[in-house]
Every structure is written in structure tokens, then in C-alpha cells.
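The values are calculated or read from the model by the stated rules, or taken from the named source; none is laboratory data. Only a predicted model underlies this, so the values are computations on that prediction, with no experimental measurement involved. No Cβ is skipped: glycine too gets one built from the backbone with ideal geometry, and neighbour counts run over all protein chains shown.
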Amino acid sequence: MQSCRFASIQMISGPDVAANLARAGALIAQAAQAGAQCVALPEYFAIMGERDTDKLAVQEDYQPQPLVHGSGPIQQFLARMAQQYGIWLVGGTVPLRSEEPARVMNSCLVYNPAGECVARYDKIHLFGFQNGSECFQEADTIRPGESVVTVPTPFGRLGLAVCYDLRFPELFRQAGEVDIWVVPAAFTATTGRAHWEILLRARAIENQCFVVASGQGGTHPSGRSTFGHSMLIDPWGTVLDVLPTGEGVVLAELKASQAARVRTILPALRHRVL
């Protein structure tokens with residue numbers, strides 16, 4: 001691993017894709033101007049619709065080289081931002097076309113500084129929650145992915161997980177040794193208050209890695225409330241920076257020496273027997 005400055009962007013996205021991309025662009029610029037070499041956007045950064053089905057209307061065909069061949073506006077935007085600012089950009093999630101007309105893939109895309117898409121992770125675990133006053137069933141409009149994805153970068157190996165994946169530690173362990181896990185999310189206010197930080201810190205501690213979490217953080221036009229608290233966590237489980245609510249950028253240096261030190265003084269990964 002090599003040390004890097006990593007930024008996590010928090011948004012309060014609505015149903016207007018163009019407006020969301022404009023806000024995301026301003027926040028990416030802010031992060032880049034602050035020296036970020038890697039930037040992560042939240043889940044659903046491009047659209048949080050009035051209804052779950054709204055994302056079907058803006059789904060795109062996957063195009064790993066959008067600057068060369070053209071593609072949908074969301075992928076074009078991500079590629080352009082990565083190239084313009086010379087950064088590695090983790091594109092939250094993008095609604096990509098699946099084999100089922102009524103369901104999309106909820107896909108996390110990673111772009112290098114040339115604007116090329118170098119990794120795609122389709123969210124595996126789909127959120128289902130019903131407590132009497134709230135009901136969420138992502139499987140109604142999203143088709144689950146099947147494969148764990150990591151991507152090599154100059155700063156180390158990045159692992160990709162999305163929101164509800166955070167509750168499944170076996171996904172993280174299946175990926176092998178990862179230096180930085182990036183977790184775009186739109187955690188509900190209810191579940192976030194109870195579990196968000198605990199789960200993020202647990203994944204960092206047990207995998208002895210950095211965790212970068214980018215969330216939605218406020219009340220959306222649909223009335224849905226998301227928890228926010230985008231944060232960066234080191235391999236000892238220490239929160240390096242956090243934004244409780246509202247739009248903004250959190251930024252920290254992820255030090256290679258810190259990761260090496262933790263894995264040396266407490267070599268838990270080497271002590272595994274299962």
C-alpha cells in the first residue's frame with residue numbers, strides 16, 4: 001500500500017439527475033482542490049427518486065470506456081470528472097440495465113485518472129426492512145450481483161461493497177487481503193443510528209484495513225431520511241473524519257505506515273485458522 005489522501009462525499013440526492021450531477025461535480029471539485037487523490041460518491045448519488053421505480057427510467061447500458069464510445073450521462077459524467085481532476089473516482093452506484101426489464105443492477109463503478117472504468121461491482125445483498133412505519137424492498141427493482149470485486153490501484157487494493165453489504169462480513173473476508181474498502185451507502189436514519197458506525201469500525205478492525213464510507217445524509221424530496229455520517233476509518237478502528245449530516249466532503253490521509261504497523265503488532269490476519 002502507498003499513502004494517499006482520500007475524500008468521501010456526502011449528498012442529499014433527489015429525483016433530478018442533472019441537478020444531482022451538478023452538485024456531485026461541485027463536491028468533487030472541492031475534494032480535488034483539497035488535495036484528494038481518490039474520491040468516493042454515495043450510493044444513488046445520481047438519483048433518489050420519489051418512487052423506487054424512478055431509477056428504471058434513467059438506467060444506462062454499461063460502457064467501460066465512456067469517453068471513447070459514448071454512453072449514458074451518468075457514466076460520461078464520472079469519466080469526465082476523473083479525467084478532469086486527475087483522480088481515482090469511485091462512482092457510488094449507477095443504475096445499469098439488467099436482463100430483466102423491471103429491475104436494474106445497482107452498480108459501483110471505479111474510474112482511473114484517464115477516465116477509464118477499471119472496475120464494476122454489482123451490489124450483492126439487497127436491503128429489505130419493515131418495522132411498521134418504514135418498508136424497503138430493494139429486490140423489487142434491483143437484480144442482485146454475484147461476484148465480489150477488488151481493484152488494484154497505485155495506493156493499494158480497493159474492495160467494493162455497497163450499503164447493506166456491510167452487514168455480511170463473509171463478503172469482506174472472501175475478497176482476501178484488501179488495503180481500503182470503499183462503501184457507498186444510503187443507510188436509513190433508523191438503521192444508521194443503531195448500526196452504521198459499529199459495522200464500519202468492525203469491518204476495519206477485523207480486516208485490518210482502511211474503510212471509506214460515503215453516505216446520503218438528510219431528508220430527501222421523497223420524505224425518506226438517510227443517516228449520513230460519511231467517514232474514514234483506519235485499521236485500528238479510529239474514525240479519522242466524519243460528517244454527521246448534510247452535503248459535504250470528509251477527507252483524510254490514509255497512511256501506509258499505519259496499516260503496516262497494525263498488521264505487525266497484532267497479526268490477526270495471519271492467525272486465522274478458518
So the check is Cβ under 8 Å with 6+ separation or different chains; which pairs have a first residue in the stretch 94-108 that's hydroxyl-bearing (Ser, Thr, Tyr) and a second one that's assigned to a loop (DSSP other than H, G, I, E, B)?
SER107/TYR62; SER107/THR93; SER107/LYS123; SER107/GLY145
Residue that is surrounded by the most Cβ atoms within 10 Å (Cβ to Cβ), among those in the stretch 260-274 that are modelled with pLDDT of 95 or more and either under 14 Å from MET1 (Cβ atoms) or under 26 Å from the mean Cα position of the chain (by Cα) (or both)
VAL262
Find the residue count for the stretch 209-245, including only residues that are under 19 Å from ALA46 (Cβ atoms) and among the polar types (S, T, N, Q).
6
How many of the residues making up the stretch 1-56 are more than 16 Å from CYS108 (Cα to Cα), in contact (Cβ under 8 Å) with a residue 40 or more places away in the chain and acidic (Asp, Glu)?
2
Examine the stretch 164-173 for a residue that is at pLDDT 95 or above, aliphatic (A, V, I, L, M), more than 21 Å from PHE136 (Cα to Cα) and surrounded by fewer than 19 Cβ atoms within 10 Å (Cβ to Cβ), and state whether such a residue exists.
yes
Determine whether the stretch 191-204 contains at least one residue that is part of a loop (DSSP other than H, G, I, E, B), aliphatic (A, V, I, L, M) and closer than 30 Å to SER133 by Cβ.
no
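Do you know which residues across the stretch 1-22 are buried (at least 24 other Cβ atoms within 10 Å of the Cβ) and either polar (S, T, N, Q) or in a helix (DSSP H, G or I) (or both)? Steps first, please.
Quick first cut of the stretch 1-22, residues buried (at least 24 other Cβ atoms within 10 Å of the Cβ) only: 6-11, 13.
Answer for the stretch 1-22, where residues must be buried (at least 24 other Cβ atoms within 10 Å of the Cβ) and either polar (S, T, N, Q) or in a helix (DSSP H, G or I) (or both): SER8, GLN10, SER13.
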With (1) closer than 25 Å to GLY25 by Cα; (2) modelled with pLDDT of 95 or more as the list, and ARG224 as the residue in question, which single condition is left unmet?
(2)
If we keep only residues of the stretch 166-211 that are touching a helix residue (DSSP H, G or I) at 6+ places or on another chain (Cβ under 9 Å) and among the acidic types (Asp, Glu), then the residue farthest from ASN106 (Cα to Cα) is GLU206
Hey, among ALA36, ALA46, ALA26, which residue is outside any loop (DSSP other than H, G, I, E, B) and modelled with pLDDT of 95 or more?
ALA26
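Taking the conditions exactly as written (at positive phi and outside any strand (DSSP E or B)), does GLY176 satisfy them or not?
Considered against the rule, which asks whether it is at positive phi and outside any strand (DSSP E or B), GLY176 comes out as yes.
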Quick one: is PRO152 assigned to a loop (DSSP other than H, G, I, E, B) and either more than 14 Å from the chain's Cα centre (by Cα) or free of Cβ contacts under 8 Å to residues at least 24 places away in the same chain (or both)?
no
So GLN59, is it touching a strand residue (DSSP E or B) at 6+ places or on another chain (Cβ under 9 Å) and under 19 Å from ASN106 (Cβ atoms):
yes
In the stretch 191-218, residues that are in contact (Cβ under 8 Å) with a residue 60 or more places away in the chain and in contact with a strand residue (DSSP E or B) (Cβ under 9 Å, 6 or more places away or on another chain) total 10
Counting only residues that are part of a strand (DSSP E or B), at pLDDT below 95 and not hydrophobic (A, V, I, L, M, F, W, C), which one in the stretch 117-131 is surrounded by the most Cβ atoms within 10 Å (Cβ to Cβ)?
GLY128
Looking only at the stretch 250-265, count every residue that is under 16 Å from VAL182 (Cα atoms) and without any contact (Cβ under 8 Å) to a residue 40 or more places away in the chain and tell me the total.
0
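Answer yes or no as to whether TYR62 is part of a loop (DSSP other than H, G, I, E, B) and surrounded by 20 or more Cβ atoms within 10 Å (Cβ to Cβ).
Answer is no for this residue.
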What single numbered condition from (1) out of contact with any Pro (no Cβ under 8 Å at 6 or more places or on another chain); (2) among the small types (Gly, Ala, Ser); (3) surrounded by 18 or more Cβ atoms within 10 Å (Cβ to Cβ) fails to hold for ALA114?
(3)
